[in-house]
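Below is one structure, written out as structure tokens, with a few remarks after it.
The values are calculated or read from the model by the stated rules, or taken from the named source; none is laboratory data. Here the structure is a predicted model, which is why all the values come from computation and not from measurement. Ideal geometry is used to build each Cβ from the backbone, glycine not excepted, and the neighbour counts take in all protein chains shown. Areas reflect the complete protein model, heavy atoms only, side chains present, ligands, DNA and RNA absent. Shrake-Rupley method; radii C 1.70, N 1.55, O 1.52, S 1.80 Å.
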Amino acid sequence: MDNSEEPASNIIVDSKESAFYLDAAKYWEQVPPTVDGMLGGLSSISDIDLKGSQRFLNSIYQLVECPGKERALDGGAGIGRITQGFLMKNFPVVDLVEQDKQFLEEAKKSLEPTNHKGQFFNLGLQKFTPETCVYDIMWVQWVLGHLTDEDLIAFLKRCKLGLKPRGLIVLKENLTSSGEVEMDNTDSSVTRPRALVVELINKAGLRIIKEQKQQRFPSDLYEVRMFAIQPV
Ligand SMILES: C[S@@+](CC[C@H](N)C(=O)[O-])C[C@H]1O[C@@H](n2cnc3c(N)ncnc32)[C@H](O)[C@@H]1O
């Protein structure tokens, strides 16, 4: 067998995957660092979104084995909309991970005059490894469509190690109703059906302990669901 064939096919897969990430980075580079930019022109839904997240978090703290309330992570944080509008109200320390430098700079600038404490990581989630055993909650919203299935599983596996005992990860994502994965070539992302999201969560060795649909969003948007997940 000619060994040269195998690396060649891997190279094709790798370059396809990096085009997926590069195209997304290029898309976000030209988006203004504003709430409207983060939400594709739908800044009007930001308050409803943050209130829905707060309600979901409150319900998590009704659980018997609930997480601590010290440190959270905002994954795919953008300009820090979620950190400032919701996570900081619940956790004294919030770290942010975001691939776009400009967004992270904007987050730093707007958080500077506040009592925010936390670190800023300028990195794609596909490359991010959290510190071990430090987070009570890892909130990852409207970004997982930018990861390939394999990278999503690997990211969740690394996140498990970043959780404190009783800590959990919350995923808040758009879901297709067609049962299919839908590709968006404009921002280089996919939207997955619920069944696939659940499959990837399970493949990463996590289980859903609470799930809720976001209420009161305009009916022409994708369904949005929150999943609180914990290591099996
Ligand atoms: C729809 S915005 C949501 C931002 C924030 N989660 C919010 O809800 O306000 C998507 C964000 O994900 C970031 N992003 C895209 N690909 C990423 C990746 N591979 N790793 C981390 N962040 C990424 C974009 O730069 C952008 O800030």
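In order along the stretch 211-220, the Karplus-derived 3J(HN,Hα) couplings, from 6.51 cos²θ - 1.76 cosθ + 1.60 at θ = phi - 60°, round to 9, 8, 7, 5, 8, 6, 8, x, 6, 8 Hz, and Gly and Pro are given as x. The residue list Pro231, Phe91, Leu123 was ranked by how far each Cα lies along the charge dipole of the stretch 5-231 toward its positive end, using unit charges on Cβ atoms, and Phe91 comes out on top. Taking the radius of gyration and the Kirkwood hydrodynamic radius from Cα positions alone, what is the Rg/Rh ratio for the chain, to two decimal places? Using Cα coordinates only, the ratio equals 0.97. Distance from the alpha carbon centroid of the stretch 119-137 to that of the stretch 179-232 works out to 21 angstrom. The GNM of the chain, with springs linking C-alpha atoms under 10 angstrom apart, assigns the highest mean-square fluctuation among Thr186, Thr132, Thr83 to Thr186. Label-to-label distance, Glu112 versus Leu39, with points set 7 angstrom from Cα along the beta-carbon direction: 2.6 nm. Using a probe of 1.4 angstrom, how much of the accessible area of the chain is carbon and sulfur, in percent? Taking all protein chains in place, the chain shows 51 percent carbon and sulfur surface. Cys133 sits among other residues whose Cβ lies under 13 Å from its own Cβ, and their net charge, with Lys and Arg +1 and Asp and Glu -1, is +2. Restricting the GluC sites (Glu not before Pro) of the stretch 151-211 to loop positions (DSSP other than H, G, I, E, B) with no more than 12 neighbouring Cβ atoms within 10 Å leaves Glu180.
Filter Lys51/Lys172; Lys172/Lys210; Lys160/Lys203; Lys89/Lys117; Lys117/Lys172 down to the pairs with a C-alpha to C-alpha distance above 18 Å, please. From the list (Lys51/Lys172; Lys172/Lys210; Lys160/Lys203; Lys89/Lys117; Lys117/Lys172), the Cα-Cα distance tops 18 Å for Lys117/Lys172. For the stretch 83-167, the list of GluC sites (Glu not before Pro) that fall in a loop by DSSP and count at most 13 other C-beta atoms within 10 angstrom reads Glu131. Relative to the longest principal axis of the Cα atoms of the chain, helix 149-162 runs at roughly 40 degrees.
Taking 25 °C and 0.890 mPa s as conditions, the stretch 92-223 diffuses translationally at an estimated 152 µm²/s according to Stokes-Einstein applied to its Kirkwood radius (Cα pairs). Among the trypsin sites (Lys or Arg not before Pro) within the stretch 60-110, those in coil by DSSP and having at most 15 neighbouring Cβ atoms inside 10 Å are Lys69. With both labels modelled 7 Å from their Cα along Cα-to-Cβ, the Ala195 to Glu182 distance reads 1.7 nm.
For the stretch 5-231, the Cβ-based charge dipole about the Cα centre amounts to some 1180 debye (Lys, Arg positive; Asp, Glu negative; other atoms uncharged).
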